[in-house]
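Q: This is the structure, below, for whatever I ask next.
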Amino acid sequence: AKNEGRNQFSFYTPEMQTQYARKLTLANALRHALERNELQLHYQPQLSINTGHIIGVEALLRWYHPELGMVSPAEFIPIAESNGLIIAIGEWVLRTAAQQLKYWIVSGFKPMVMAVNLSAVQFRQSNLPELITSILDEVELPHQYFELELTEAVAMDNPLTAIVVMDKLHDQGIRMAIDDFGTGYSSLSYLKKFNVYKLKIDQSFVRDIIVDLEDRAIVTAIINLASNLGLQTIAEGVETAEQLDFLRSQGCNEAQGYYFSKPLTAAQFEDYARAMK
Ligand code: C2E
Ligand code: CA
Ligand code: CA
Ligand code: CA
């Protein structure tokens, strides 16, 4: 139509061109990230609120590119999901996390749970439960030490598939946690059917828990709901003693966040765990 020419020029702002160029650069560089050993896992402790003991770690992916520097998973995982690389990267994460925990247990660290994030694309893979069990068996890691974090949004995107996959994983003794809980409009009737072990309260509710009455009400409601359904709760993004006190007063089971530790390299985590004893 008539105005097309003009609209074309006004539509693509210089900022959008820069963003697009960065995406292309990252997508190309990501193809080599695995073979060039640019990916790493960091580990963030998860603590029991009652005992103060470390009961697990969450594996968080890091990408150090020689020229681009540190690229956030929030930026590169969506790219890896759109070009399919997330399948190979996700498998690397599962295997690396399993091997790391096996190494820690063999080295005499107290047994704990390794929580690994699953992407929507991985979750849609029909052989996911078999892949995970074969990795755990290959590494000789007992299944009960592994926990998979799936966001509420992904679980609710296709709840019928989620029920089937969660049942299979549960049958294999692998735990599931629903990540970013509270942000994804769960239907409570589905929550009952999901074979999950734990709800992970999203950090957006934890952040203002001290000052925002609505956030307090939401967090309290999630903890009560979980408790009534026989599920565990973990709060993410805990940064202050005041937040921890409130969570404890409401009966939240576990906490994770900068108040205890930021995500650590494997070596840093070993120091942290030794100092806790
Ligand atoms: P997430 O699973 O919700 O992970 C929590 C994020 O909050 C992490 O960011 C963590 O470093 C950060 N965090 C932890 N404690 C605090 C705190 O006290 N305060 C604040 N403000 N932030 C805190 P990170 O490591 O940048 O990861 C971002 C997201 O990338 C993750 O969100 C997850 O969705 C995704 N991700 C990370 N690793 C993987 C992976 O191996 N596979 C997949 N599929 N996704 C991953
Ligand atoms: Ca997570
Ligand atoms: Ca989260
Ligand atoms: Ca509010």
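Q: Residues being in a helix (DSSP H, G or I) and polar (S, T, N, Q): count how many of those fall in region 62-82.
A: The total comes to 1.
Q: Report the residue count in region 233-273 for those that are away from ligand 1 (no atom under 16 Å from the Cβ), surrounded by 17 or more Cβ atoms within 10 Å (Cβ to Cβ) and either among the charged types (D, E, K, R) or under 26 Å from Phe194 (Cβ atoms) (or both).
A: Looking only at that region, the number is 2.
Q: Tally the residues that are open to solvent by 40 Å² or more (accessible area, probe 1.4 Å), assigned to a helix (DSSP H, G or I) and of a type in the set (A, V, I, L, M), restricting the search to region 196-216.
A: 1
Q: Sticking with this one: Quick one: count up the residues across region 234-260 that are away from ligand 3 (no atom under 13 Å from the Cβ) and without any contact (Cβ under 8 Å) to a residue 40 or more places away in the chain.
A: 12
Q: Between a first residue in region 208-226 that is within 16 Å of ligand 3 (Cβ to nearest atom) and a second residue that is among the aromatic types (Phe, Trp, Tyr) and not in a loop (DSSP other than H, G, I, E, B), which pairs have beta carbons less than 8 Å apart while being 6 or more apart in sequence or on different chains?
A: Sorted first by the residue in region 208-226, then by its partner, the pairs are Ile209/Phe246; Asp215/Phe205; Ile218/Phe205; Val219/Phe205; Val219/Phe246; Ile222/Phe181; Ile222/Phe205.
Q: While we're on this one: Determine whether Met176 is farther than 26 Å from Gly257 by Cα and buried (at least 20 other Cβ atoms within 10 Å of the Cβ).
A: Working: farther than 26 Å from Gly257 by Cα: no; buried (at least 20 other Cβ atoms within 10 Å of the Cβ): yes.
No, not satisfied.
Q: List the pairs whose first member sits in region 92-111 and is touching a residue at least 60 places away in the same chain (Cβ under 8 Å) and surrounded by 14 or more Cβ atoms within 10 Å (Cβ to Cβ), whose second member is part of a loop (DSSP other than H, G, I, E, B) and among the charged types (D, E, K, R), and whose Cβ atoms are under 9 Å apart, counting only residues at least 6 apart or on separate chains?
A: Pairs that qualify, where the first residue is touching a residue at least 60 places away in the same chain (Cβ under 8 Å) and surrounded by 14 or more Cβ atoms within 10 Å (Cβ to Cβ) and the partner is part of a loop (DSSP other than H, G, I, E, B) and among the charged types (D, E, K, R), are Trp104/Lys110.
Q: Can you name the number of the only condition in (1) loosely packed, with under 12 Cβ neighbours inside 10 Å; (2) more than 24 Å from Ala162 (Cα to Cα); (3) at pLDDT below 95 that Ser126 fails?
A: So Ser126 meets the others, but not (2).
Q: How many residues are over 22 Å from the mean Cα position of the chain (by Cα) and farther than 23 Å from Ala97 by Cβ when one looks only at region 30-52?
A: Matching residues across region 30-52 total 2.
Q: For region 38-61, how many residues are within 13 Å of ligand 1 (Cβ to nearest atom) and crowded, with 17+ Cβ neighbours inside 10 Å?
A: Keep residues of region 38-61 that are within 13 Å of ligand 1 (Cβ to nearest atom), which gives 39-47, 57-61.
Right, trim to crowded, with 17+ Cβ neighbours inside 10 Å and you get 39, 41-47, 57-61.
Selection size over region 38-61: 13.
Q: If you don't mind, another one. Taking region 223-232 on its own, how many of its residues are open to solvent by less than 30 Å² (accessible area, probe 1.4 Å) and at pLDDT below 95?
A: In the first step, residues of region 223-232 are kept if they are open to solvent by less than 30 Å² (accessible area, probe 1.4 Å); the result is 223, 226, 231.
Then keep just the ones that are at pLDDT below 95; that gives none.
Qualifying residue count, region 223-232: 0.
Q: Right, something else. From Ile55, Ile89, Ile79, grab the single residue that is closer than 30 Å to Lys277 by Cβ and hydrophobic (A, V, I, L, M, F, W, C). Walk me through how you get there before you give the answer.
A: Working: Ile89 fails: closer than 30 Å to Lys277 by Cβ; Ile79 fails: closer than 30 Å to Lys277 by Cβ.
Exactly one residue qualifies, and that residue is Ile55.
The values are calculated or read from the model by the stated rules, or taken from the named source; none is laboratory data. Keep in mind it's a predicted model, so treat the numbers as computed, not measured. A quick note on method: Cβ atoms are made from the backbone with ideal geometry, for glycine too, and the neighbour counts reach across all protein chains shown. Just the protein is used for accessible areas: all its heavy atoms, side chains included, with ligands, DNA and RNA removed. Shrake-Rupley method; radii C 1.70, N 1.55, O 1.52, S 1.80 Å.
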